[in-house]
C-alpha cells in the first residue's frame with residue numbers, strides 16, 4: 001500500500017498544478033445560511049478603526 | 001519593530017477573543033471570522049435483537065462553531081488564532097441501545113496560535129497532530145455521509161452473540177481507521193507547499209509524549225483529474241508497563257473530471273502482542289448536485305487477535321444549495337471472532353448539514 005501511495009505521489013508531482021485540499025469532514029468552504037457569500041461573519045480592523053472625528057475641530 | 005509586533009499580536013488576541021478591541025486596534029488588516037455548522041440526522045440501528053431510531057449529531061462532521069483571526073505582523077510574517085469547539089447532543093459515534101440520549105458538552109477541537117511566513121507555518125496549542133486525517137483523504141463528495149472513519153456512525157454499538165447477549169466487541173473497537181493521534185496540545189510545523197507537496201511535524205503530549213509526521217499532496221493533472229494523498233506516522237510514548245502506540249499509514253483519493261472517484265486508505269498500529277490493521281476502499285460518482293458512493297472496510301486484529309470486522313456501505317449526498325447538504329447512508333457491519341457467532345448490525349441514516 002505504501003508503494004502505491006508513493007507511486008501516486010511521484011506521478012502526481014510531475015505535471016500537476018497544486019490545489020488546496022479541503023476535507024469534507026470540516027466546516028465547508030463557501031456561503032453560509034446566515035452569513036451569505038462570505039460564509040462567515042467577518043470583522044476587520046477597518047471596521048474597528050472607524051475614524052473618530054473630533055467634534056471640537058469643526 | 002518588536003514592540004510594534006507585540007502590540008499587533010496582543011491586539012489581535014484580545015480583539016478576537018473578547019471582541020472589545022474596537023477602535024483601539026493598532027494593527028492594519030486584522031480579519032476576524034465567525035462560522036459554523038449544524039449537522040443532525042435520524043439513525044436507525046438493528047443488531048438482530050433490537051431496532052431503534054436515534055436522533056443524533058452526525059459524527060462524520062459534528063455540530064461546531066469556529067472563531068479565527070489573522071493579521072500581518074510584518075510584511076513577511078502573519079499571525080493568527082483558531083478557536084473551534086463542537087457541541088454534540090447524542091453523538092452518532094457514542095449512542096447505543098443502552099444509552100440513547102447523551103447530553104451535549106462543549107468539547108475542544110482547536111485552540112491555537114499560529115505564525116506564518118515564507119518558511120512555512122508554526123502552530124502552538126490544541127489542534128490537529130501532523131498526521132491527523134492522513135487516513136481520511138477523500139474526494140468523493142460524500143464524506144458527510146460516510147468515509148474511512150466508519151465508527152463515527154454507530155461506533156458505540158456492540159455485536160450480539162447468537163444467544164442475544166452483548167459480546168463486548170463494539171464497532172469502534174474492532175474497525176477503527178486508527179487515524180493517528182487526532183488532536184492534542186502540541187507544537188506543529190508545516191512546510192510551504194512545493195508542487196503540491198507539504199510536510200508536517202508535530203510534538204506534544206497527552207498523558208505521555210506524542211510525535212506525528214506527515215507528507216501530504218494535492219494537485220490537479222489536466223485530463224487525469226484531481227489527486228490527493230497523505231502518508232502519516234505517529235507515536236505515543238508508552239505508559240508504564242505498556243508499549244509505544246505507533247501507527248503508520250495513509251490514504252489516496254482520485255477524482256476524475258467525469259465525476260468518478262476512487263479512494264483507498266490503510267493503517268497499521270502496534271498493539272500489545274499484535275498489529276491492528278485497517279483497509280478502506282471507496283468508489284464514487286458525482287454529477288451536479290448529487291454524489292453517490294459505495295465503500296468497504298476491513299479491520300483486523302484490532303480488539304483481539306483473530307478478529308476480522310467488515311463494513312459495506314452506500315451513501316448519497318444532495319446539495320440543493322451551497323450552504324446545505326442532505327445525506328443518506330446505509331451500511332452493514334459484520335464481525336468474525338474465533339469461537340464466537342456474532343450477529344450483523346445494520347444502520348440507516350438520513351440527515352442534513354447546514355453551514356451558518
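Which residues, taken from region A:5-58, are farther than 26 Å from residue B:193 by Cβ, modelled with pLDDT under 60, facing chain B (nearest Cβ under 7 Å) and assigned to a helix (DSSP H, G or I)?
The one that is farther than 26 Å from residue B:193 by Cβ, modelled with pLDDT under 60, facing chain B (nearest Cβ under 7 Å) and assigned to a helix (DSSP H, G or I): A:48.
Go through B:205, B:256 for me and flag whichever is modelled with pLDDT of 95 or more, over 21 Å from the mean Cα position of the chain (by Cα) and more than 10 Å from chain A (Cβ to nearest Cβ). Outline the logic, then answer.
Working: B:205 fails: over 21 Å from the mean Cα position of the chain (by Cα).
Criteria check complete, one pass: B:256.
Please state which of the following conditions residue B:299 fails to meet, knowing it meets all the rest: (1) under 19 Å from residue B:149 (Cβ atoms); (2) under 20 Å from the mean Cα position of the chain (by Cα); (3) surrounded by fewer than 22 Cβ atoms within 10 Å (Cβ to Cβ).
(3)
Part of a strand (DSSP E or B), more than 30 Å from residue A:39 (Cα to Cα) and touching a strand residue (DSSP E or B) at 6+ places or on another chain (Cβ under 9 Å), is that true of residue B:276? Lay out the reasoning, then the answer.
Values: part of a strand (DSSP E or B): yes; more than 30 Å from residue A:39 (Cα to Cα): yes; touching a strand residue (DSSP E or B) at 6+ places or on another chain (Cβ under 9 Å): yes.
Yes: the conditions hold for residue B:276.
Failed condition for residue B:351, given (1) within 14 Å of chain A (Cβ to nearest Cβ); (2) surrounded by 20 or more Cβ atoms within 10 Å (Cβ to Cβ), with all others met?
Checking residue B:351 against (1) within 14 Å of chain A (Cβ to nearest Cβ); (2) surrounded by 20 or more Cβ atoms within 10 Å (Cβ to Cβ), the one that fails is (1).
Would you confirm whether or not region B:67-88 contains a residue that is part of a loop (DSSP other than H, G, I, E, B) and more than 30 Å from residue B:169 (Cα to Cα)? Full working, then the answer.
Just the residues of region B:67-88 that are part of a loop (DSSP other than H, G, I, E, B), to begin with: B:75-76, B:88.
Imposing the further condition that a residue be more than 30 Å from residue B:169 (Cα to Cα) reduces the set to B:75-76.
Looking through region B:67-88, at least one residue is part of a loop (DSSP other than H, G, I, E, B) and more than 30 Å from residue B:169 (Cα to Cα).
Cβ-Cβ below 9 Å, separation at least six or inter-chain, first residue in region B:271-294 and within 18 Å of residue B:133 (Cβ to Cβ), second at pLDDT below 95: which pairs?
Every condition considered, the pairs that remain are B:279/A:1.
The values are calculated or read from the model by the stated rules, or taken from the named source; none is laboratory data. Owing to the predicted nature of the structure, the values given are computational and were not obtained by experimental measurement. Backbone-built Cβ (ideal geometry, glycine too); neighbour counts: all protein chains shown.
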